[in-house]
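These notes are about the structure you will find just below.
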Amino acid sequence: MKNDGKTFEDTFTSFCRKAGFRRTLQRKIVYGLFHGARRHLSVEDIMSLISKNNPELREESVYRILGDFEKAGYIRKVEVPGAKKYEYASERHGHFLCSRCGKILDVDISSIELPKSLTGISDISITFNGVCPDCAKRKRRTIA
Ligand SMILES: [Zn+2]
Ligand SMILES: [Zn+2]
């Protein structure tokens, strides 16, 4: 995470102010999961990450918060077919979906050149399918 003199608390407070949200502990927890992180999280992932320390946080609340955060432009749905995951709304990138373990990796697509005639692009969704490096390693080991 970049240290620009602002604490996490400051960032969360100004986010809530801008989006018109009341600052609640629940929102703060979910906000913190995506803040400065490159991760892809489903509601189940989020529940298993937070339920131990926050048993009072219910799945319905997490759904609601995710919906609010998406509307506020803080997170977005991961554009991978079949993946019900969210990620921090950073610059657009492609995704690599592992056909074995289901892991999703970010793929930099900034070097992809499109024909100059295509100027009206409003959204990008690119998914590469294959076997992730971890699974590829595992396979090699079993063969050897
Ligand atoms: Zn894999
Ligand atoms: Zn991503």
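Would a scan of segment 113-125 turn up a residue that is without any contact (Cβ under 8 Å) to a residue 60 or more places away in the chain, at negative phi and touching a His at 6+ places or on another chain (Cβ under 6 Å)? Checked segment 113-125: no residue is without any contact (Cβ under 8 Å) to a residue 60 or more places away in the chain, at negative phi and touching a His at 6+ places or on another chain (Cβ under 6 Å). Please verify whether Val131 is touching a Ser or Thr at 6+ places or on another chain (Cβ under 9 Å) and either farther than 28 Å from Phe15 by Cβ or in the same structural domain as Arg39 (by TED's automatic domain parsing) (or both), treating the condition exactly as stated. For Val131, the condition - touching a Ser or Thr at 6+ places or on another chain (Cβ under 9 Å) and either farther than 28 Å from Phe15 by Cβ or in the same structural domain as Arg39 (by TED's automatic domain parsing) (or both) - is met. Residue count for segment 49-80 satisfying the condition of being surrounded by fewer than 17 Cβ atoms within 10 Å (Cβ to Cβ) and over 28 Å from Ile126 (Cα atoms): 10. Of the set (1) surrounded by 14 or more Cβ atoms within 10 Å (Cβ to Cβ); (2) within 16 Å of ligand 1 (Cβ to nearest atom); (3) over 30 Å from Thr11 (Cα atoms); (4) not aromatic (Phe, Trp, Tyr), all apply to Ile104 but (3). On inspection, Lys52 fails the criterion of being more than 16 Å from ligand 1 (Cβ to nearest atom), within 11 Å of the chain's Cα centre (by Cα) and farther than 22 Å from Ser14 by Cβ.
Here Ala37 fulfils each of the conditions (1) among the small types (Gly, Ala, Ser); (2) away from ligand 2 (no atom under 16 Å from the Cβ); (3) farther than 17 Å from Leu57 by Cβ apart from (2).
The values are calculated or read from the model by the stated rules, or taken from the named source; none is laboratory data. Computed from a predicted model, the values in this text were never measured in an experiment. A quick note on method: Cβ atoms are made from the backbone with ideal geometry, for glycine too, and the neighbour counts reach across all protein chains shown.
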